[in-house]
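J.: Mind looking over this structure? Questions follow.
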Amino acid sequence: MACTSEDLRRYIEMFFEDESHHHEDMHELEHSKAQALEAFDALAKRQADLLAQIGDLEDRAAKSAALVVQAIDLMQAPKKR
């Protein structure tokens, strides 16, 4: 079963919630939690951007392949004189 980014975010929050029972400096813990969630959100955004770029590259590759096939077909077609 795959873990979604929502699941991972929830695990981060649960970790810090659990740590709050054992940690003395709550301000430091909240600051660490905020930093962890901010870093996670930045990574999730970067992942989404990269997936979009991959999709664009796949589209461009498919169009390029179609042009190559067309060029080969044109080169193999009998020449009209």
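Quick grid of which residues meet (1) outside any helix (DSSP H, G or I); (2) surrounded by 10 or more Cβ atoms within 10 Å (Cβ to Cβ):
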site	(1), (2)
HIS31	no, yes
GLN35	no, yes
LYS45	no, yes
LEU50	no, yes
ALA61	no, yes
GLN70	no, yes
MET75	no, no
PRO78	yes, no
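J.: Whether any residue in region 21-29 is of a type outside the set (Lys, Arg), over 30 Å from the mean Cα position of the chain (by Cα), surrounded by 10 or more Cβ atoms within 10 Å (Cβ to Cβ) and not in a helix (DSSP H, G or I) is what I want to check.
T.: yes
Where a number appears in this text, it was derived from the coordinates with a stated rule and is not lab data. All values reported here derive from a predicted model rather than from experimental measurement. Note: ideal-geometry Cβ built from the backbone for every residue, glycine included; neighbour counts use all protein chains shown.
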